[in-house]
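Colleague: Sharing a structure with you now.
The values are calculated or read from the model by the stated rules, or taken from the named source; none is laboratory data. The shown structure was predicted, so the numbers you read here are calculated from the model rather than taken from an experiment. Glycine also receives a Cβ, built like all others from the backbone with ideal geometry; neighbour counts cover every protein chain displayed. For the accessible areas, the whole protein counts, side chains as well, though only heavy atoms, and no ligand, DNA or RNA atoms are used. Shrake-Rupley method; radii C 1.70, N 1.55, O 1.52, S 1.80 Å.
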Amino acid sequence: MKDAIKMMENNMSPEAVRRAHIKAEQDIMTIRLAQLREEKNVKQSEMANFTQSSVSKIEKRKDIKISTLIDYLDSLGMGLEI
């Protein structure tokens, strides 16, 4: 997945990449990760590639790396479109 993001960024101007990162960060803050997980009927301890404590920390954060968000959503069987 990281390669796909790099490929997209390589085709964008530096300013467009900067704007995309800012927009993504703003959008991430409005996402209610715990709510998404609960709607999928997945417990924190059932998240693939994450410990229960790391899921708890991720869900409480106001900022998160896009790569972590992608991994989190993949664990829920969801995707992310930027």
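Colleague: Look at the range 30-77 and say how many of its residues are free of Cβ contacts under 8 Å to residues at least 12 places away in the same chain and polar (S, T, N, Q).
Modeller: Result for the range 30-77: 9.
Colleague: Another question, if that's okay. Considering only residues of the range 61-77 that are closer than 15 Å to I22 by Cα and part of a loop (DSSP other than H, G, I, E, B), which is modelled with the lowest pLDDT?
Modeller: K62
Colleague: Suppose the filter is modelled with pLDDT of 90 or more and either among the aliphatic types (A, V, I, L, M) or touching a His at 6+ places or on another chain (Cβ under 8 Å) (or both); does L80 pass it? Talk me through it step by step, then tell me what you get.
Modeller: Numbers: modelled with pLDDT of 90 or more: no; either among the aliphatic types (A, V, I, L, M) or touching a His at 6+ places or on another chain (Cβ under 8 Å) (or both): yes.
No; evaluated as a whole, the condition is false for this residue.
Colleague: Given the criteria open to solvent by 70 Å² or more (accessible area, probe 1.4 Å), touching a helix residue (DSSP H, G or I) at 6+ places or on another chain (Cβ under 7 Å) and over 17 Å from K6 (Cα atoms), does N49 qualify?
Modeller: Numbers: open to solvent by 70 Å² or more (accessible area, probe 1.4 Å): yes; touching a helix residue (DSSP H, G or I) at 6+ places or on another chain (Cβ under 7 Å): yes; over 17 Å from K6 (Cα atoms): yes.
Judged against the criteria, N49 is a match.
Colleague: Looking only at the range 10-57, which residues are modelled with pLDDT of 90 or more, outside any helix (DSSP H, G or I) and farther than 13 Å from S75 by Cα?
Modeller: Matches in the range 10-57: N11, M12, S13.
Colleague: Across the range 64-80, which residue is farthest from the chain's Cα centre (by Cα) among those that are small (G, A, S) and open to solvent by 40 Å² or more (accessible area, probe 1.4 Å)? Break it down into steps so the answer makes sense when it comes.
Modeller: Going through the range 64-80, the residues small (G, A, S) turn out to be 67, 75, 77, 79.
Still in the running and open to solvent by 40 Å² or more (accessible area, probe 1.4 Å): 67, 77, 79.
Numbers: S67: 6, G77: 12, G79: 9 Å.
The extreme case among them is G77.
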